[in-house]
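Structure first, commentary second.
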Amino acid sequence: MQRFAGVDYFDIESLLNEDEKMVRNSVREFVDVEIIPIIEKHYRENSFPMHIVPKLGELGLFGITLPQKYGCAEMNNVAYGLVMQELERGDSGVRSFVSVQSSLVMYPIFTFGSDEQKDYWLPKLASGEKIGCFGLTEPDFGSNPGGMVTRAEKVSGGYKLNGAKMWITNGTLADVAVVWAKLDGEIHGFLVEKGMPGFSAPEMKGKHSLKASVTSELIFQDVVIPEKNILPGSKGLKSPLMCLNQARYGIAWGVVGSMMECYNTALNYAKSRVQFGKPIAAYQMTQEKLVYMLNEITKSQLLNLQLGRLKDLGKVKHTQISMAKRNNCEKALEVARMSREILGANGILDEYPVMRHSANLESVKTYEGTHEMHTLIIGEDITGFSAFE
Amino acid sequence: MKIAVCVSHVPDTATKINIGSDGKKIDPTGVTYIINPYDEFAVEEALKTKEKFGGETVAICVGDDAVKETLRKALAMGIDNAVLLKDSIYRDSISIAKALADEIKNQNADLVFFGKQSVDYDNSITGQLTAELLGYNCVTVVVGFQLEGNKIIAEREVEGGKEIVETSLPAVITAQKGLNEPRYASLKGIMAAKKKVIEEKPLPPAENYVEIIAMKKPAPKQPGKIIGTDSSAVPELVRLLHEEAKVI
């Protein structure tokens with residue numbers, strides 16, 4: 001088995017501390033051994049590799065920035081980013097699984113939850129014994145989540161939930177869903193548990209992207225949840241947006257993993273594929289593509305590292321996260337497509353990872369805030385004018 | 001029971017190696033170093049043995065500050081303590097074995113694991129030399145290990161099969177691929193390792209019996225040759241594999 005040696009043209013390695021490097025190396029090895037050999041099969045069969053969940057838990061990859069008392073590693077945001085990067089080198093679907101569990105389930109429970117909720121859920125989510133999902137997006141409310149129609153009403157002993165969510169990663173697999181709904185016109189978070197009467201989570205079919213990841217609808221028909229299942233600290237649209245910031249941060253790092261894999265594949269292919277008597281890497285047009293790819297990888301890496309350092313200092317702005325998510329996803333998709341071009345017809349086969357990454361990145365560019373929305377978020381920040389509200 | 005694991009810090013097998021300007025050492029620029037892959041089996045077996053029978057584990061490595069990375073990896077996998085026998089000059093296998101044997105004696109370890117060889121110099125001898133210096137029993141190239149009281153039952157890989165041997169503590173075991181599945185360093189392990197101190201001890205000057213006088217890269221690979229494109233080429237292919245390549 002070939003060990004992945006990384007892509008590092010600017011000695012960014014020297015900017016990482018020892019723990020960060022160790023975490024990166026451990027996850028890199030895990031991806032080489034446990035994910036890359038099996039992922040194409042799962043992608044082809046539209047299945048998520050469930051057997052890796054306990055292994056991800058054992059490695060400590062769920063909720064890695066949260067306190068040790070909940071069974072988490074309590075590491076910094078750069079280490080979290082590196083984990084996302086390495087996982088997405090394997091597959092965006094696997095990275096999505098860990099992103100959702102960490103940033104969209106454990107983070108809101110930790111940030112907005114009661115002590116009882118934290119003590120019960122966080123250790124089980126950290127070990128992978130329980131799986132979570134995050135329900136914000138609705139069929140008619142994607143970029144505009146504030147318009148959601150899912151409603152909670154106060155009933156004796158708890159709340160009654162009605163509505164539907166869509167595009168929910170891990171929905172069908174989840175033991176607990178962090179669901180956002182309007183209670184008296186204001187958005188609050190609720191923990192809806194698998195098996196509660198009136199709650200169902202059918203899997204969405206027909207995806208040409210993220211095929212090794214489960215995407216679901218969440219349907220609530222008079223689901224009565226107990227009083228203790230509201231996230232007491234959540235209030236308004238700001239709460240779910242805080243979660244999305246965590247997840248977007250992880251995506252900005254994650255797609256660099258896809259880029260590295262696509263670039264590496266293209267580079268190796270170009271050096272060994274001979275046409276007209278010499279390797280295609282010897283042709284100027286191929287070199288131009290390879291250099292472009294490496295250049296974009298390097299820029300994205302530097303953007304991420306500074307973003308992570310700012311986040312660790314508590315100084316990061318959500319608009320900076322938007323910029324990294326926006327830039328890196330767009331460039332990752334370009335890099336994947338370029339890699340496919342260098343591989344020619346071979347690029348469409350699942351013998352190589354590039355078409356899978358390319359198809360995955362179509363989703364990754366769109367979810368957690370579309371490219372367009374991030375543009376408008378930054379646009380509003382620099383001009384003072386909101387172009388969408 | 002005290003269990004020692006001797007580890008070595010080696011260039012990543014995926015790294016491209018260049019020879020330094022003196023022609024006697026590799027040029028470390030741009031080379032990534034890792035724990036010797038066979039030593040990972042040794043670490044895993046030490047951890048499994050401790051988990052089963054209790055006791056304490058210590059990882060020992062000879063080298064300069066850079067090798068601490070490998071000791072940290074062993075600690076992150078779960079080893080209790082680490083000792084760096086500090087030195088920055090070249091040591092031959094016997095010189096390394098002497099240093100290790102002294103420290104193992106000092107640690108009072110009665111079970112010692114090595115990788116069967118280091119993938120840098122490939123001498124495949126340090127474990128055996130250390131056992132000899134300590135007067136310990138030694139089983140090499142081990143793919144199965146069982147401890148019952150003082151008795152060790154070990155499975156060895158031999159040409160075309162396996163050999164089951166019995167010996168007793170104190171002993172040195174050198175690990176071969178297949179002995180176990182080394183665990184990954186978990187994030188919690190990495191954080192726990194941060195709190196552990198690597199004990200540093202100076203070494204007396206090396207007394208080497210072997211000196212490296214030159215290092216050379218292997219000759220470049222010859223290009224492959226196409227002997228045909230359909231089934232008519234099979235007899236010739238078989239003949240070449242048998243007579244020229246001598247692989248069948």
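Does residue A:7 meet the test of being within 14 Å of another protein chain (Cβ to nearest Cβ) and assigned to a helix (DSSP H, G or I)? Spelling it out, it is not the case that residue A:7 is within 14 Å of another protein chain (Cβ to nearest Cβ) and assigned to a helix (DSSP H, G or I). Report whether or not residue A:95 is more than 28 Å from residue A:314 (Cβ to Cβ) and either in a loop (DSSP other than H, G, I, E, B) or among the basic types (Lys, Arg) (or both). Considered against the rule, which asks whether it is more than 28 Å from residue A:314 (Cβ to Cβ) and either in a loop (DSSP other than H, G, I, E, B) or among the basic types (Lys, Arg) (or both), residue A:95 comes out as no.
Please determine whether any residue of segment A:115-135 is over 23 Å from residue A:61 (Cβ atoms) and either in contact with a Phe, Trp or Tyr (Cβ under 6 Å, 6 or more places away or on another chain) or not acidic (Asp, Glu) (or both). No: zero hits. Of all residues in segment B:30-55, those being part of a helix (DSSP H, G or I), more than 13 Å from chain A (Cβ to nearest Cβ) and open to solvent by less than 20 Å² (accessible area, probe 1.4 Å) number 8.
Listed by first and then second residue, the pairs linking a residue in segment A:17-41 that is at the interface with chain B (Cβ under 7 Å from one of its Cβ atoms) to a residue that is not in a helix (DSSP H, G or I), with Cβ atoms under 6 Å apart and 6 or more places separating them unless they lie on different chains, are A:26/B:184; A:26/B:185; A:30/B:184. Residues that are among the charged types (D, E, K, R), within 14 Å of chain A (Cβ to nearest Cβ) and open to solvent by 10 Å² or more (accessible area, probe 1.4 Å) do not occur anywhere in segment B:19-29. When the strands (runs of 3 or more DSSP E) confined to segment A:161-247 are screened for residues that are within 30 Å of residue A:38 (Cα to Cα) and outside the structural domain of residue A:101 (by TED's automatic domain parsing), those reaching at least 1 such residues are found at A:176-183, A:215-226. The one condition from (1) hydroxyl-bearing (Ser, Thr, Tyr); (2) open to solvent by less than 40 Å² (accessible area, probe 1.4 Å); (3) farther than 20 Å from residue B:114 by Cα that residue B:174 does not meet is (3). Only one entry in B:189, B:144, B:178 is within 22 Å of the chain's Cα centre (by Cα), part of a loop (DSSP other than H, G, I, E, B) and small (Gly, Ala, Ser), namely B:178. Might you let me know whether segment A:34-45 holds any residue that is assigned to a helix (DSSP H, G or I), of a type outside the set (Phe, Trp, Tyr) and within 22 Å of residue B:70 (Cβ to Cβ)? No, there is no match, as no residue in segment A:34-45 is assigned to a helix (DSSP H, G or I), of a type outside the set (Phe, Trp, Tyr) and within 22 Å of residue B:70 (Cβ to Cβ). Is there a residue in segment B:102-118 that is outside any helix (DSSP H, G or I), away from chain A (no Cβ under 14 Å), open to solvent by less than 40 Å² (accessible area, probe 1.4 Å) and aromatic (Phe, Trp, Tyr)? Within segment B:102-118, one or more residues are outside any helix (DSSP H, G or I), away from chain A (no Cβ under 14 Å), open to solvent by less than 40 Å² (accessible area, probe 1.4 Å) and aromatic (Phe, Trp, Tyr).
Do we find a residue being hydroxyl-bearing (Ser, Thr, Tyr), touching a residue at least 40 places away in the same chain (Cβ under 8 Å) and closer than 25 Å to residue A:12 by Cα anywhere in segment A:61-68? No. Answer yes or no: is there a residue in segment A:278-285 that is in contact with a Pro (Cβ under 9 Å, 6 or more places away or on another chain) and surrounded by fewer than 22 Cβ atoms within 10 Å (Cβ to Cβ). No, that holds for no residue. For segment B:119-141: of the residues being closer than 14 Å to residue B:45 by Cβ and either touching a helix residue (DSSP H, G or I) at 6+ places or on another chain (Cβ under 7 Å) or part of a strand (DSSP E or B) (or both), which is least open to solvent (accessible area, probe 1.4 Å)? The qualifying residue least open to solvent (accessible area, probe 1.4 Å) is B:139. Of the candidates A:74, A:58, the single residue that is closer than 25 Å to residue A:15 by Cα and among the charged types (D, E, K, R) is A:74.
Every residue, every condition in (1) closer than 28 Å to residue B:95 by Cβ; (2) of a type in the set (Asp, Glu); (3) touching a Pro at 6+ places or on another chain (Cβ under 8 Å); (4) open to solvent by 90 Å² or more (accessible area, probe 1.4 Å), yes or no:
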residue: B:143; (1), (2), (3), (4): no, no, no, no
residue: B:153; (1), (2), (3), (4): no, no, no, no
residue: B:168; (1), (2), (3), (4): no, no, no, no
residue: B:192; (1), (2), (3), (4): no, no, no, no
residue: B:201; (1), (2), (3), (4): yes, no, no, no
residue: B:207; (1), (2), (3), (4): yes, yes, no, yes
residue: B:214; (1), (2), (3), (4): yes, no, no, no
residue: B:225; (1), (2), (3), (4): no, no, no, yes
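Checked against (1) more than 29 Å from residue A:347 (Cβ to Cβ); (2) open to solvent by 10 Å² or more (accessible area, probe 1.4 Å); (3) not in a helix (DSSP H, G or I); (4) not acidic (Asp, Glu), residue A:73 passes all but a single condition, namely (2). Do we have residue B:219 as of a type in the set (Gly, Ala, Ser), more than 14 Å from chain A (Cβ to nearest Cβ), closer than 28 Å to residue B:117 by Cα and in contact with a strand residue (DSSP E or B) (Cβ under 6 Å, 6 or more places away or on another chain) here? In short, no.
Evaluate segment A:257-270: report whether one residue or more is open to solvent by 50 Å² or more (accessible area, probe 1.4 Å) and assigned to a helix (DSSP H, G or I). Yes: segment A:257-270 contains one or more residues that are open to solvent by 50 Å² or more (accessible area, probe 1.4 Å) and assigned to a helix (DSSP H, G or I).
Selection of first residues in segment B:216-227 that are more than 16 Å from residue B:244 (Cα to Cα) and of second residues that are open to solvent by less than 100 Å² (accessible area, probe 1.4 Å), restricted to Cβ pairs under 9 Å at least 6 apart or on distinct chains, gives the following pairs, ordered by first then second residue: B:216/B:19; B:216/B:23; B:217/B:17; B:217/B:18; B:217/B:19.
Among the residues of segment B:100-119, those that are among the hydrophobic types (A, V, I, L, M, F, W, C) and at pLDDT 95 or above comprise B:100, B:101, B:104, B:109, B:111, B:112, B:113, B:114.
The residue of segment A:345-371 that is nearest to the chain's Cα centre (by Cα), among those that are more than 23 Å from residue A:45 (Cβ to Cβ) and touching a residue at least 60 places away in the same chain (Cβ under 8 Å), is A:368. For segment B:59-78, the condition of being away from every other protein chain (no Cβ under 14 Å), at pLDDT below 95 and either under 30 Å from residue A:58 (Cβ atoms) or in a loop (DSSP other than H, G, I, E, B) (or both) holds for at least one residue.
The values are calculated or read from the model by the stated rules, or taken from the named source; none is laboratory data. This structure is a prediction, so every number in the text was calculated from the model and none was measured. Cβ atoms come from the backbone with ideal geometry, glycine included; neighbour counts cover every protein chain shown. Side chains are part of the model used for accessible areas, which takes the heavy atoms of the whole protein and leaves out ligands, DNA and RNA. Shrake-Rupley method; radii C 1.70, N 1.55, O 1.52, S 1.80 Å.
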